[in-house]
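Enquirer: Pasting a structure below so you can have a look.
Derivation of every value follows stated rules applied to the coordinates shown; laboratory data play no part. Just so we're clear, the structure is a prediction, and the values are computed from it rather than from any experiment. Virtual Cβ from ideal backbone geometry, glycine too; neighbours counted across all protein chains shown.
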């Protein structure tokens with residue numbers, strides 16, 4: 001009878017006399033009479049020992065299957081090795097030379113080269129670790145929200161109008177029509193809240209045809225979107241995001257200790273995320289750093305400096321900025337009652353990078369209509385969206401977190417492309 | 001102090017003297033001195049009693065908040081009602097007339113009208129139920145697969161080449177280039193398996209520019225994709241799908257009994273799904289129904305007749321069809337060893353509709369190269385995909401399930417648009 005395959009992470013606890021492993025050839029140490037091979041599977045690396053020299057035709061990165069007895073060896077990774085009795089090659093190698101070394105632990109190739117050979121790069125345990133962390137993020141997001149009665153939804157990415165997002169939108173040739181790729185599920189998540197779902201979230205792609213090619217921009221990214229009905233105001237949303245981040249960090253400390261360690265990350269326990277108004281932040285930047293900010297916003301340099309200040313003063317990696325002016329937020333943003341030039345919206349800055357924009361939305365049909373007009377747009381261009389506000393839309397709001405940005409910042413990666421399996425930017429649509 | 005909001009489904013178990021509920025006005029019975037109002041929230045319907053006549057300005061579908069004492073009343077839905085002490089309108093109504101009745105339990109409007117007013121349709125408890133079931137499907141899919149060490153991935157939907165799918169593909173204007181919307185994550189999920197992830201799944205959008213406008217076609221749909229490395233052959237994949245469906249049906253029986261009941265559905269316990277070759281199915285169709293089939297496939301009518309036969313003979317709603325000919329499957333499909341004109345692939349038919357195509361893939365670089373040539377295509381057009389097969393690609397295979405098709409068939413819906421929040425078809429990109 002064929003014995004069951006054992007994953008490397010389960011090898012130590014496996015009590016069978018003989019075990020069978022599968023994976024890729026990570027390293028070959030040919031010592032003449034004896035050969036050590038490191039086999040890498042999804043869960044780890046284990047040492048195989050061949051006592052009759054190097055197996056014929058064995059090359060790095062072939063996929064193989066090996067069967068043998070487990071032997072304790074304190075010098076081997078994980079403290080054990082397999083004395084191989086039988087080995088077969090499952091997937092052959094057809095290369096002359098690997099594009100770069102993947103078993104040295106150090107990546108020497110430039111990022112663009114790494115991305116060109118993405119299926120090779122992803123084999124490096126340290127690169128693989130990024131996506132283990134990313135998977136925990138989406139898992140924590142989903143678990144946290146479903147526990148609060150949020151429903152997961154899937155909304156269309158092909159849309160009829162680019163009214164929400166201006167010019168930075170990709171066009172699609174949709175039969176005889178021109179359509180667009182959505183920049184966010186904003187309208188649809190609001191509509192679905194109003195349609196009785198009350199609390200929704202979506203983990204889906206969003207598209208930005210931005211002419212930026214920087215370390216923090218992607219043209220296709222995964223947006224963690226939330227929309228919540230029957231809120232008091234935008235503080236409910238900041239509380240929700242704070243709760244999620246606490247929950248996430250606990251889960252990461254529990255499930256990704258190894259991955260975090262590879263990046264030298266010690267995740268802090270989040271207690272309370274400081275909240276400050278944008279105008280206060282402007283003062284701080286001017287006062288502490290002599291830094292002037294653009295009206296109604298802070299720029300990339302300001303985000304970095306402010307995070308530095310918040311870290312020193314409050315020992316927090318995060319800061320909520322509130323009180324953005326009406327003129328700098330979309331037309332659906334709820335204005336503040338105290339100061340109608342300001343909105344009930346916020347950004348979340350994490351280690352010098354904006355990872356969230358959120359806020360309360362206007363829920364009253366007449367008010368939204370008027371606001372669209374105030375913004376110099378025509379309410380008639382917002383057909384089905386505006387229409388859905390006629391039928392008892394409750395007070396609501398939401399937020400969105402860029403999955404790749406959050407991943408990047410948790411692991412202190414330098415470039416957002418590192419936290420995307422197959423990134424899309426202005427120059428790259430392959431692989 | 002403001003009391004906490006109680007969801008309708010928790011009202012019975014709530015022990016506070018006074019409760020606060022929020023939701024939409026589902027029904028109004030104005031009896032002069034006394035008015036009964038049904039309030040609908042995400043979780044159910046509860047009766048509110050106003051003893052001083054109809055509250056001013058109250059209209060159907062407004063969103064409101066009501067506070068009062070809980071009173072048992074066997075005649076009320078759920079056996080209890082709230083004697084309202086305070087009510088406030090949270091979201092106003094701005095309509096002259098609802099587009100159709102949504103509290104009668106019967107939908108009288110045509111499907112196209114329902115879809116035009118989707119945020120109204122979705123308020124009907126029976127329509128809402130579809131998406132509760134759909135959410136359980138994705139949840140079960142994810143839970144089942146992560147339990148088997150599958151990793152959830154997100155692959156790009158904007159791709160550089162339409163080589164996989166022929167002409168039925170949407171084009172995107174991507175900066176100065178022409179790009180395409182992916183028809184499936186096929187290439188990327190295979191590549192990610194080979195990159196060391198071994199077992200992956202994705203819940204994501206897929207796009208088909210098909211010129212069909214039928215009850216079973218969508219141009220944008222959610223694909224439940226699986227790809228699995230180190231398989232023996234395609235039977236591993238059929239076993240996996242069978243395991244998932246068993247798991248799903250158990251979860252639905254547990255969590256969606258109310259929703260299934262609304263549609264009069266009693267889900268069978270799945271034991272073993274029959275597997276038959278396509279050529280045997282052709283014989284059955286000819287023999288039992290005098291039905292001729294197209295070469296190497298069965299058509300929509302054949303699917304329905306075959307399901308009828310399988311139901312009678314094996315008491316199964318499902319049937320796997322195997323042994324599809326090489327000429328009818330994509331170039332990456334693994335040919336059979338016994339008969340090289342056939343492939344190691346399968347379809348799954350559920351209640352007369354194909355919901356899955358799957359199979360083992362060719363994993364050897366040279367064999368894949370040759371097969372691409374045999375199919376009359378140029379291997380050089382498959383750059384990064386083919387390239388990823390040079391580095392020890394293990395035996396692997398996968399399958400995809402159409403989420404909307406599965407939802408539709410579980411609930412015996414007539415049209416696939418019913419199981420999509422905001423469907424996209426040849427004529428519809430709104431709302």
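Enquirer: Go ahead and set up a Gaussian network model of chain A, Cα springs under 10 Å, then flag whichever of A:381, A:30, A:317 fluctuates most.
Expert: A:30
Enquirer: Please work out the C-alpha center-to-center distance from the stretch B:253-291 to the stretch B:1-78 and express it in whole Å.
Expert: Cα centroid to Cα centroid, the span is 43 Å.
Enquirer: Mind checking Rg over Rh on the stretch A:8-91, alpha carbons, Kirkwood formula for Rh?
Expert: 0.92
Enquirer: Once you place label points 7 Å from the Cα toward the Cβ at residue A:88 and residue A:217, how far apart are they in nm?
Expert: Distance between label points: 5.2 nm.
Enquirer: OK, next. Could you tell me what % of all Cα pairs in the stretch B:65-162 have separations over 19 Å?
Expert: Working: 3371 of 4753 pairs.
In whole percent, the long-distance tail amounts to 71.
Enquirer: Sticking with this structure for a sec: Report the Cα-based extents of the stretch A:268-419 along its three principal axes, largest first, to the nearest Å.
Expert: 47, 35, 28
Enquirer: What FRET efficiency comes out for residue A:34 versus residue B:30 if R0 is 51 angstrom and r is the Cβ-Cβ distance? Round to the nearest 0.05.
Expert: 0.05
Enquirer: Angle between the Cα long axis of helix B:125-147 and the longest principal axis of chain B, 0 to 90 degrees, nearest 10?
Expert: So the inclination is approximately 50 degrees.
Enquirer: If we hang a label 7 Å off Cα along the beta carbon direction at residue A:340, how far is it from the matching labels on the other copies, in nm, shortest first?
Expert: When each copy's label point is compared with this one, the spacings are 8.0 nm.
Enquirer: Please state, to two decimals, what the Cα-based radius of gyration of the stretch A:182-341 comes to when divided by 2.2 N^0.38 Å (N = residues).
Expert: So the stretch A:182-341 has a normalised radius of gyration of 1.18.
Enquirer: Can you pull the mean other chain C-beta count within 10 Å for peptide A:58-68?
Expert: Average neighbour count from other chains, rounded to a whole number: 3.
Enquirer: Using Stokes-Einstein with the Kirkwood hydrodynamic radius over Cα pairs, what translational diffusion coefficient do you get for the stretch B:299-368 at 10 °C and a viscosity of 1.306 mPa s, in µm²/s rounded to a whole number? Spell out each step's value before the answer.
Expert: Working: Rh = 13.0 Å.
Reported coefficient: 122 µm²/s.
Enquirer: What is the ratio of the Cα radius of gyration of the stretch B:143-203 to 2.2 N^0.38 Å, with N the residue count, to two decimals?
Expert: 1.32
Enquirer: Does anyone have the angle between helix A:300-314 and the longest principal axis of chain A? Alpha-carbon axes, 0 to 90°, nearest 10?
Expert: The helix A:300-314 is inclined about 80 degrees to chain A.
Enquirer: Same structure, new question: Beyond 38 Å, what share of the Cα-Cα pairs of the protein assembly as shown is found? Please give it as a whole percent.
Expert: 47
Enquirer: Take every residue in peptide B:416-427, count the Cβ atoms of other chains within 10 Å of its Cβ, and give the average of those counts.
Expert: 3
Enquirer: Another question, then. If R0 is 45 Å, what FRET efficiency do you get for residue B:250 and residue A:279 from their C-beta distance, rounded to 0.05?
Expert: With R0 = 45 Å, the Cβ-Cβ based efficiency is 0.20.
Enquirer: Taking the mean number of other Cβ atoms within 10 Å as a proxy for protection, how do you rank A:154-160, A:209-215 from highest to lowest?
Expert: Listed from highest to lowest mean packing, they are A:154-160, A:209-215.
Enquirer: In Å, the Kirkwood hydrodynamic radius of the stretch A:271-321 over pairs of distinct alpha carbons?
Expert: Working: mean 1/r = 0.0923 Å⁻¹.
Taking the inverse mean of 1/r over all distinct Cα pairs, the stretch A:271-321 comes out at 10.8 Å.
Enquirer: For q = 0.23 Å⁻¹, what log10 I(q)/I(0) does the stretch A:367-431 give under the Debye formula with an equal point scatterer on each alpha carbon and no solvent?
Expert: Taken in order of the listed q values, log10 I(q)/I(0) reads -0.92.
Enquirer: Kindly express, to the nearest 10 degrees and within the range 0 to 90, the angle between helix B:365-374's C-alpha long axis and the longest C-alpha principal axis of chain B.
Expert: 90
Enquirer: Starting from a label point 7 Å past Cα on the Cβ side, list the distances from residue B:178 to the same position in the other copies, nm, shortest first.
Expert: So the distances to the same position in the other copies read 1.8 nm.
Enquirer: Further question on the same structure: Place a point 7 Å from Cα of residue A:69 in the direction of its Cβ. Which residues in the stretch A:83-113 have their backbone N less than 11 Å from it?
Expert: Those under the cut-off are A:83-85.
Enquirer: Quick one: with label points 7 Å out along Cα→Cβ, list the inter-copy distances for residue B:374 in nm, shortest first?
Expert: So the distances to the same position in the other copies read 6.8 nm.
Enquirer: Per the helix-only calculation at 222 nm, which mean residue ellipticity applies to chain A, given -39500 (n - 2.57) for every DSSP H run of n ≥ 4 and division by its residues, nearest 500 deg cm²/dmol?
Expert: Using -39500 (n - 2.57) per qualifying helix, the result is -8000 deg cm²/dmol.
Enquirer: Moving to a separate point now. For residue B:175 and residue B:338 in one chain, what is 0.36 nm times their gap in residues minus the Cα-Cα distance, to one decimal in nm?
Expert: Using 0.36 nm per residue and subtracting the Cα-Cα distance, I get 53.8 nm.
Enquirer: Continuing with the same structure: At 7 Å along the Cα-to-beta-carbon direction for both residue B:300 and residue B:370, put a label point, then send me their distance in nm to one decimal.
Expert: My value for the distance between the label points is 4.0 nm.
Enquirer: Then there is this: Translational diffusion coefficient, Stokes-Einstein: compute it for chain A using the Kirkwood radius over C-alpha pairs as Rh, at 37 °C and 0.692 mPa s, and state it as an integer in µm² s⁻¹.
Expert: Details: Rh = 24.7 Å.
It comes out at roughly 133 µm²/s.
Enquirer: Moving on. How far is it, in nm, from the label point at residue A:95 to the one at residue A:377 when both lie 7 Å from their Cα along the line to the Cβ?
Expert: About 4.8 nm separates the two model spin labels.
Enquirer: Quick one: among A:56, A:152, A:18, which has the greatest mean-square fluctuation in a GNM of chain A with alpha-carbon springs under 10 angstrom?
Expert: A:56
Enquirer: Something else about it: If you restrict to DSSP beta bridges whose two residues both lie in the stretch A:125-419, what percentage is antiparallel, to the nearest 5?
Expert: Counting only bridges with both partners in the stretch A:125-419, antiparallel ones make up about 90 percent.
Enquirer: With an 8 Å Cα cut-off and a minimum separation of 6 or more residues, compute the relative contact order for chain A in percent.
Expert: Dividing the mean separation by the residue count of chain A yields 13 percent.
Enquirer: Round to a whole angstrom and tell me the spacing of the C-alpha centers of the stretch B:347-375 and the stretch A:152-218.
Expert: 32
Enquirer: Please rank B:315, B:299, fewest neighbouring Cβ atoms within 10 Å first, as an exposure proxy.
Expert: The order, fewest Cβ neighbours first, is B:315, B:299.
Enquirer: What residue of chain A has the nearest C-beta to the axis that moves A onto B, and what is that distance in Å, given as a whole number?
Expert: A:172, 3
Enquirer: Now, a different point. Please give the average number of partner chain Cβ atoms lying within 10 Å of the Cβ of each residue in B:197-207, rounded to a whole number.
Expert: On the way: counts 8, 8, 1, 2, 0, 0, 4, 6, 7, 0, 4.
Mean inter-chain Cβ contacts per residue within 10 Å come to 4.
Enquirer: Mind telling me which of B:107, B:408, B:87 comes out most flexible in a GNM of chain B, alpha-carbon contacts under 10 Å?
Expert: B:87
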